[in-house]
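The values are calculated or read from the model by the stated rules, or taken from the named source; none is laboratory data. Computed from a predicted structure; not experimentally measured. What goes into the accessible areas is simple: the full protein's heavy atoms, side chains included, and nothing from ligands, DNA or RNA. Shrake-Rupley method; radii C 1.70, N 1.55, O 1.52, S 1.80 Å.
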Amino acid sequence: MPKLKPETLLPEAAEEAAICAGIAADADNPEWGAEAFAAAKPASEALPAQAYAALVAKRPRGRPKANETKVFMAIRLDADLLQAFKSTGKGWQTRLNAALRRYLEEHPLR
């Protein structure tokens, strides 16, 4: 049995018995025995090559990089202006960016 953290709560004997009874009663998903484990195949043999490759493909973590990335910077804004955008919920920075872009389109810099 693996080493457990001190705060780990284990089921009482009655709860463990109920869990085991539930497993035994599930005909659609029986508990595996030694025979089932001996007959098991690795996923690489049991699945079509394309499906297996899709499952084990290394994907980069996080969101994909955008074609045009944003630039991080610190900016000072009036508190009420910032609160107005934040109060619109998730995506407020995108909306603020769009508002600044619209302003530049309407008021071109020389």
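Things to note:
- Extreme residue, farthest from the chain's Cα centre (by Cα), among residues of the range 30-59 that are open to solvent by 100 Å² or more (accessible area, probe 1.4 Å) and within 30 Å of PRO11 (Cα to Cα): GLU35
- Within the option set ARG102, ARG95, ARG76, ARG61, being among the basic types (Lys, Arg) and at pLDDT below 90 holds for one residue only, ARG61.
- Out of LEU4, LEU47, LEU10, LEU81, sole residue that is aliphatic (A, V, I, L, M) and within 30 Å of ARG101 (Cα to Cα): LEU81
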